[in-house]
Amino acid sequence: TATMRAAGLSLGAASAIFLLAALYFMQRHIVRPVRRLTGKIQSMQETGDLALDLGEHGNDEVGMLASEFGELANRLTKAHGELETARDEALELARAKSEFLARMSHEIRTPMNGVLGMTELLRNTRLKPRQERFVETIYESAENLLRIINDILDFSKMEAGKLQLEDVDIDLRAIVEETVESLADQAHQKDLELNAVVPPELTTRVCSDPLRLRQVLTNLVANAIKFTDDGEIIVRLAEEQAEDEQVRITFSVEDTGIGISEENQSLIFDSFTQEDGTTTRRFGGTGLGLAISSQIVELLGGQLAVASEPGVGSKFYFTLSLEPAQSAPPDGASEPSGVAGKNFLVVDDNATNREILENQLQSWFATVDSANNAENALARLATATAEDSLYDLVILDMHMPRTDGLQLARAIRAEPALKDL
Ligand code: ADP
């Protein structure tokens, strides 16, 4: 048994030595080269530089792996270089194209203004009814064409990175009111209510680009009118909490129109895209309006977004952080004299209108009640007379269902107790 034990021991020693040798071999020829290779790959990933020297490697499997990998890296480096050249060429081409477009649009605008100006003069001369119709059509077509050209000009300017923004003192209330005023006719032709809500306490004097801001709002309101058949459109400004000196304002344009399906909501901000072919045919348009608007909003420091439900309506909105205006407000701003302390009654069937008038009058230190139709207004006036708390002024909406503003005014005038109103 002693001999057997000795044989076992030497067998154990021999296998231990063999194991060590195998480990050494693996360490030297497999583990180390693989580790070196992984190290190289890692540094390639970190530096992004594919042209790394993989160093010496043997002819075994690991060596072949390393050389295959080196070959792959070389080919990738070459392809990468080719791609970069192609990208630079494409960018340069796109820039040149945009620049050409910008220049051409400018060239087109000059004669277009000639056409519009002359047509306008022609419109004011003595014309037969048939000729008048022709001139009217020329004028409208020229205006449409100019609008499209302006869109393309803006778009290409933006693509070429050449749109310069102004940064001057502006009054947000004035900008919103001007926008709404300029589109009021269009809205009323479709029997739509178009309202602006700018709370009296909102900081309206800020720094921004008045033209571009008006352009975005005009575009959103024009779309809202275009895609709404009945109901109302509200342009709303709201002041948000700001952490620093800046003024944070959320602008929104809400309509009660056809709405936009969820899948199309992500597409409409892309250039040249319209919700679908049928919409285009029904409503016309270049599909550039929202693309331009959202790029302008981005340049102004915000992001144009949409919330919408088909058949219910859409709301387009964005928030801007604006610097407060540098200069003091002009003297005698917008406060009319003689309104403070007076008692008002506002009569309007539209809730938004009532809210606007109430807010506006209260900001001028007047007391305001309101009624949503003529019957309620007369009842309120009668109560006030009975309680001897007379109103000084009534503000009437003209278009109200059942009894309109004129009829109500006549009823009021017919009442002797209200002769001082
Ligand atoms: P276009 O000049 O053709 O109107 P826009 O970029 O302004 O182009 O609008 C793109 C598309 O987005 C429109 O064709 C329409 O389908 C959809 N859209 C925009 N605004 C509204 C809205 N207020 N209600 C419903 N759909 C709208």
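Cα axis of helix 2-26 to longest principal axis of the chain: angle in degrees, 0 to 90, nearest 10? So the inclination is approximately 50 degrees. Between Val312 and Glu358, the FRET efficiency from the beta-carbon distance, with R0 = 30 Å, is close to 0.70.
Summing +1 for each Lys or Arg and -1 for each Asp or Glu among the other residues whose beta-carbon sits under 10 angstrom from that of Ala325 gives -2. Dipole magnitude for the chain: computed about the Cα centre from +1 point charges on Lys and Arg Cβ and -1 point charges on Asp and Glu Cβ, it is near 1480 debye. Applied to segment 357-370, the Karplus parametrisation 6.51 cos²θ - 1.76 cosθ + 1.60 on θ = phi - 60° returns per-residue 3J(HN,Hα) values of 5, 4, 4, 4, 5, 5, 5, 9, 6, 9, 9, 10, 10, 9 Hz, with x for Gly and Pro. Charged neighbours of Thr38, selected by a Cβ distance under 13 Å, balance to +3 (K, R count +1; D, E count -1).
Placing R0 at 35 angstrom, the Cβ-Cβ distance between Thr77 and Lys162 gives a FRET efficiency of 0.50 after rounding to 0.05. The antiparallel fraction among DSSP beta bridges confined to segment 138-266 stands at about 70%. Compute the helix-to-body angle for 32-47: its Cα long axis versus the longest principal axis of the chain, expressed 0 to 90° and rounded to tens. For helix 32-47, the angle is close to 20 degrees.
In terms of its C-alpha gyration tensor, segment 148-227 comes out oblate, because a/c is 1.5 or above while a/b does not outweigh b/c. Scalar couplings 3J(HN,Hα) for segment 371-385, obtained by applying the Karplus form with A = 6.51, B = -1.76, C = 1.60 to θ = phi - 60°, are 9, 9, 7, 4, 4, 5, 5, 5, 4, 5, 4, 5, 4, 4, 4 Hz; x denotes Gly and Pro. The amide H of Thr403, built 1.01 Å from its N in the peptide plane, has Ala374 as neighbours under 5 Å, considering only residues 5 or more places off or on other chains. Helix 61-123 axis versus longest C-alpha principal axis of the chain: approximately 20°, rounded to the nearest ten. Summing Lys and Arg as +1 and Asp and Glu as -1 over all other residues whose Cβ lies under 15 Å from the Cβ of Ala307 gives a net charge of -3.
When the helix-only estimate is applied to the chain (DSSP H runs of n ≥ 4, each -39,500 (n - 2.57), divided by the residue count), what is the mean residue ellipticity at 222 nm, nearest 500 deg cm²/dmol? Per the formula, -18500 deg cm²/dmol.
Look at where the Cα atoms of segment 148-224 and of segment 317-394 average out, and the two centres are 25 Å apart.
For segment 1-124, the calculated P(r), taken from all Cα-Cα distances in 5 Å bins from zero up to the bin holding the longest distance, is 2, 8, 9, 9, 7, 6, 6, 6, 6, 5, 5, 4, 4, 4, 3, 3, 3, 2, 2, 1, 1, 1, 1, 1, 0, 0, 0 percent.
Counting only DSSP beta bridges whose two residues both lie in the chain, roughly 65 percent are antiparallel.
Per-residue Karplus couplings for segment 150-160, computed as 6.51 cos²θ - 1.76 cosθ + 1.60 with θ equal to phi - 60°, are listed in order as 4, 4, 5, 4, 4, 4, 6, 4, 5, 4, 7 Hz, Gly and Pro entered as x. The H on the amide N of Val197, modeled in the peptide plane, is under 5 Å from the matching H of Val235, Arg236, Leu237, each at least 5 residues off or on a different chain.
The value obtained for segment 294-412, namely the Cα convex hull volume divided by the number of residues, is 172 Å³ per residue. Springs join every pair of Cα atoms under 10 Å in this Gaussian network model of the chain, and among Leu304, Leu121, Leu211 the largest mean-square fluctuation is at Leu121. Close amide H pairs (under 5 Å, H built 1.01 Å from N) link Ala366 with Gly341, residues at least 5 positions away or on another chain.
The count of lysine pairs in the chain whose Cα atoms are under 26 Å apart, excluding pairs fewer than 8 places apart on the same chain, comes to 7.
By its C-alpha gyration tensor, with a ≥ b ≥ c as the square roots of the eigenvalues, how is the chain shaped: rounded for a/c under 1.5, else prolate for a/b larger than b/c, else oblate? Because a/c hits 1.5 or more and a/b exceeds b/c, the chain counts as prolate.
We did not get these values from a lab; they are worked out from the coordinates using the rules stated. The shown structure was predicted, so the numbers you read here are calculated from the model rather than taken from an experiment. Because the Cβ atoms are built from the backbone with ideal geometry, glycine has one as well, and the counts that use them run over all protein chains shown.
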